[in-house]
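Okay, structure first, notes after.
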Amino acid sequence: MFLSDYTFRLVLPDCNPSSLKVNALVDLFEDISEVLPYLNTVLKGLQYDQDGKVLTVKSGGRLITFRPRQIAVAKLEDENEARSVIEELKEIVNETYVNRDHIKPTYTSRPTPRPLDIYKLLPGNNCKECGEPTCMAFALKLVNDEVKLIQCQLLFEKEFEVNRSKLTEFLPEETA
C-alpha cells in the first residue's frame with residue numbers, strides 16, 4: 001500500500017468562520033508527489049502546479065487540494081463525513097499509484113469549463129426534469145459540481161450523444 005497512514009484535524013473556513021461546514025487538513029506520513037500527475041489525469045484536476053507539486057480538484061461539491069504531504073478538503077458536514085471522504089481519497093491515491101503504468105500522467109492544468117460552454121452543449125429546452133428551472137442554471141451547477149450529468153435525461157438520447165461525450169471530457173469524473 002502506497003499511502004498507509006495519516007492524521008487529520010478539522011478547521012473552520014478562514015473566509016467564513018461562522019460557516020456550518022468544516023474543512024479537513026490531512027497530514028500524510030508518505031510523500032505523494034510522484035502520484036500527483038496521475039491523479040490529475042484520473043480526477044480531471046482543475047489546477048495543477050507541477051513545480052509546486054499542488055493539485056486541486058472538485059469532487060462531490062468539495063474543493064480538494066493535494067500537496068506532497070497534505071490533503072485539504074473543504075465543505076464537510078462533520079468529523080464522520082471527513083473520515084469517510086479521507087478514506088475514499090486514500091483509496092483513490094492507492095489505486096492510482098498501483099495503476100500508474102496504465103495511466104498517462106497530465107502535467108498541466110485543464111481549462112476550466114465556463115457555464116456558457118456547458119450550456120451550449122445542453123438540450124436547451126428548459127424542461128425542468130433535471131430539477132433546475134433552466135438549462136443555464138443546470139450548467140452553472142454542473143460547473144460547480146453540484147449536480148450530475150445523469151440528471152439531464154435528454155442528454156442520454158441518441159441525438160445528444162456527441163454533446164454528452166464532449167461534456168464528459170471536461171467535467172469532473174464524478175459529475176459526468
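Here, each number is a calculation from the coordinates, and none is a lab measurement. Values in this document were obtained by computation on a predicted structure and should not be read as measured data. Cβ: placed from backbone, ideal geometry, glycine included. Neighbour counts: every protein chain shown.
May I ask you to list the trypsin sites (Lys or Arg not before Pro) in segment 83-130 that are in a DSSP loop and have at most 16 other Cβ atoms within 10 Å of their Cβ?
Lys128
Would you mind classifying segment 19-72 by shape? Square roots of the alpha carbon gyration tensor eigenvalues, ordered a ≥ b ≥ c; an a/c under 1.5 is rounded, otherwise it is prolate if a/b is larger than b/c and oblate if not.
Taking the square roots of the gyration eigenvalues as a ≥ b ≥ c, segment 19-72 is oblate.
Take the Cα pairs of segment 56-176, get the Kirkwood Rh, then feed it into Stokes-Einstein at 20 °C and 1.002 mPa s and tell me D in µm²/s.
In µm²/s, the coefficient rounds to 133.
Do the sum for the chain: with -39,500 (n - 2.57) for every DSSP H run of n ≥ 4, divided by all residues, what is the mean residue ellipticity at 222 nm, to the nearest 500 deg cm²/dmol?
Result for the chain: -9000 deg cm²/dmol, rounded to the nearest 500.
Do any chymotrypsin sites (Phe, Trp or Tyr not before Pro) in segment 90-172 lie in a loop, going by DSSP, with at most 16 other beta-carbon atoms within 10 Å of their beta carbon, and if so which?
Sparse-neighbourhood loop chymotrypsin sites (Phe, Trp or Tyr not before Pro): Tyr107.
Enumerate the lysines that Lys53 could reach by cross-link, defined here as Cα to Cα under 24 Å, with residues fewer than 8 away along the same chain left out.
The reachable lysines, counting only those whose Cα sits under 24 Å from Lys53, are Lys44, Lys75, Lys90, Lys104.
For Ser4 and Thr108 in one chain, what is 0.36 nm times their gap in residues minus the Cα-Cα distance, to one decimal in nm?
34.7 nm
Can you bin every Cα-Cα distance in segment 115-170 into 5 Å intervals starting at zero and give me the percent of pairs per bin, rounded to whole numbers?
Answer for segment 115-170: a P(r) of 4, 22, 38, 28, 8, 0 percent.
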